[in-house]
Amino acid sequence: MALVVQKFGGTSVANADRIREVADHVRRCRVRGDHVVLVISAMGKETDELLGLASAVSDTQPGRELDMLITAGERKACALVCMALHDLGVPADSFTGSQAGFITDTNHGNAKILEITPERVQAALEANRVPVVAGSQGVSTENDVTFLGRGGSDTTAVALAHTLGADACELYTDVSGVFTTDPRVCADARKLSSISFDELLEMTAVGCPKPAMRSVEVAQNYGVKLHIRSAFTWEQGTWVVKEEPSMEQPIIRSVTPDTSEAKITVTGVADRPGVAAAMFRQLADAGVNVDMIVQNASEHGITDISFTVPDGDVDTAADITKTVAAEIGATGVTADRDIARISLVGAGMKSHPGVAATMFETLSENQVNIEMISTSPIRISCVIRQEHADKATQALHEAFGLSR
């Protein structure tokens, strides 16, 4: 008999049929003897629809009210799942994030969990009922409803699994696990039976959309067993495991494409201490997440700086950068949305030379120019033209023998 936390994403509960399917899966889990705790996301695209409504009625959209609005989607979905469970004879209770004991900071829109006091969830389990928790939400230290941000339901599930001492946390989505690359780009992409936390963290950091990076960080920090799997096929998915020193790691686990970033270049920057600090401090204060940074070699005391940001932040980042550029005497600022980042991820590259050379040779043979490069011990990323993203992904996937 195991205690399992199961999180279901928006596509998994997108309509009445899907909700009934999830309820029947939970019933089957109970029949085989498992105790189940559910974490439910908003149905389908409901979060986007609610954000669209907010934009239609308000230009100001105060953070407190936006969080109150967005979190309604998860509350609606978990109540519907509870109703479907009752129809199958499975006793269940729905809980909002605050009722489930999620205490957060006061950062509306992207709150961080400070503490979980899950007494009501535990009481439901002890009464042999299924707790159904609304994902991605909590209550702040100032007693306001808070939203944990996009992908926050994954983090809700992992944090709850740790707090309850669950045997595993299963993250159900519309794909059957973690693949060697995007199956929509490479038809011969291979599902991985297991992957290390470090590798999955790198993949989520460079564009792999599921699961949310924060949830993987929490799982790694607290030793939560993660299982990424499909709510449509119910097949075994990908287990996320701790890397053992004795394990023989494949050189490359995945090729991860990402077209969700943009590049900003500042030209004619004076090469003196404090200039870069002034620019990146203002971007950080505005909540803009800067990823790759490249500074060219200085000529006559003048240099260029390029960096990447999420595409949704490029207008804000460009405005801030233009203001700073004027203050520091830079000659120009350009923003480029037509880029893609292609990343190789694999723990084995730490002990295998030549990965970078093979990557660069493969891109060159396919007439793909590299604009920026960044590395970590288990990752190499290149910025290229967006129009070449699919071609580069397919070529690298084949070059490193990742095909089925």
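Numbers below:
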quantity	calculated
Fluctuation leader among T256, T358, T393 - the chain, Gaussian network, Cα springs under 10 angstrom	T358
Within the chain: Cβ-based charge dipole about Cα centre, in debye rounded to nearest 20 (Lys, Arg +1; Asp, Glu -1)	1040
The range 1-116 - Debye-derived log10 I(q)/I(0), Cα point model, q = 0.19 Å⁻¹	-1.05
For the chain, built as a Gaussian network whose Cα springs stay under 10 Å, the top-fluctuating residue of P353, P118, P131	P353
FRET efficiency, Y222 to N366 (Cβ-Cβ, R0 41 Å, nearest 0.05)	0.45
In degrees, nearest ten, helix 213-222 long axis to first principal axis of the chain (Cα)	70
The chain: relative contact order as a whole-number percent, Cα under 8 Å and 6+ apart	14
Fraction in percent of alpha-carbon pairs per bin - 10 Å, the chain	5, 20, 27, 25, 16, 5, 1, 0
In degrees, nearest ten, helix 16-31 long axis to first principal axis of the chain (Cα)	70
The range 179-291: translational diffusion in µm²/s, Stokes-Einstein, Kirkwood Rh over Cα pairs, 37 °C, 0.692 mPa s	193
Using alpha-carbon coordinates, inclination of helix 314-328 to the longest axis of the chain, degrees	40
Contour minus Cα-Cα distance for T233 and A286 (0.36 nm per residue)	14.9 nm
Highest-fluctuation residue, A318, A389, A92 considered, GNM on the chain with Cα pairs under 10 Å	A318
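All of the numbers you see were taken from the coordinates with simple rules; none came from a lab. These numbers come from a predicted model, not from an experiment. Don't worry about glycine lacking a Cβ; one is built from the backbone with ideal geometry, like all the others, and counts go over all protein chains shown.
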